[in-house]
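Where a number appears in this text, it was derived from the coordinates with a stated rule and is not lab data. What you are looking at is a predicted structure, and each value in this text was computed from that prediction instead of being measured. Neighbour counts are summed over all protein chains in view; Cβ atoms, including those assigned to glycine, are modelled from backbone coordinates with ideal geometry.
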Amino acid sequence: MAKRDPNEESGPERTCAVTGFKGPPEAMLRFALSADGVVTPDLRRRLPGRGAWVRLNAATVRQAAAKQAFARAFRAPAKAAPDLAEEVDRLLEADALQFLSLVNKAGQATTGAAKVEAAIADGKVVALIHASDGGADGTDKLDRLFRRRNAAAAPPSINIFASRQLDLALGRTNVIHAALIAGAASSAFLAKAERLKQFRADAATPSTAGASSAGATADPSA
């Protein structure tokens, strides 16, 4: 019986081409190979053809590009740009900000410290957003209010976007603080923001005992 190819795109798990880590597609990044052999990020997992999977971690993507892991995964020549991890970061960031714009269009975003504070008091807020280049005092104050109002839930606070990025996404100027109101658009944005945060995390990439990148990706019987 032929061994199962770990890159086969069926079942509940995928296998990282670098570490052998196994996880659901949501914990991974899919890459496709273009017609001219260029490794292409596929954030929405829609591009045709065989896919290669890498853990949702910038350091792991850098390893994949540097160690020819994609060529082994695709079983074909694969050109991975040296700045592939930076490209993925830009795409994840743009994806999250696009969904933040949808939050705004759905009427599920409130901006301005006073309005955010009032929304927290009303119990309508599911997450706070603070500009990464904003002052710490206002951020700390709103976070404390949020934690007190939602003590049991430990709600998220997001500070990975600059004020200018929030301005564009929310269609306002000088956005430093924003609150998300419960709704489908807010939930979708939070999932995108969490993927970006995970990708940027500095935690060491876990490895699977006994798994090498060749063993995790190559299957001569397929």
For the range 18-65, I need the span (max minus min coordinate) of the C-alpha atoms along each principal axis, in Å, sorted largest to smallest. 27, 20, 15
Around residue 21, with a cut-off of 13 angstrom between Cβ atoms, what is the net charge of the other residues, counting Lys and Arg +1 and Asp and Glu -1? +2
For residue 124, which lysines qualify as cross-link partners when the Cα separation must be under 25 Å and same-chain residues fewer than eight apart are set aside? 105, 115, 141, 192, 197
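By average Cβ neighbour count within 10 Å, what is the ranking of 16-23, 117-124 from highest down?
16-23, 117-124
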With no solvent term and unit scatterers on the alpha-carbon positions of the range 35-143, Debye gives log₁₀ I(q)/I(0) at q = 0.10, 0.22, 0.23 Å⁻¹ of -0.49, -1.17, -1.25
Extend 7 Å from the Cα of residue 44 along its Cα-to-C-beta direction; within the range 78-102, residues with backbone N under 20 Å of that point are 87-102
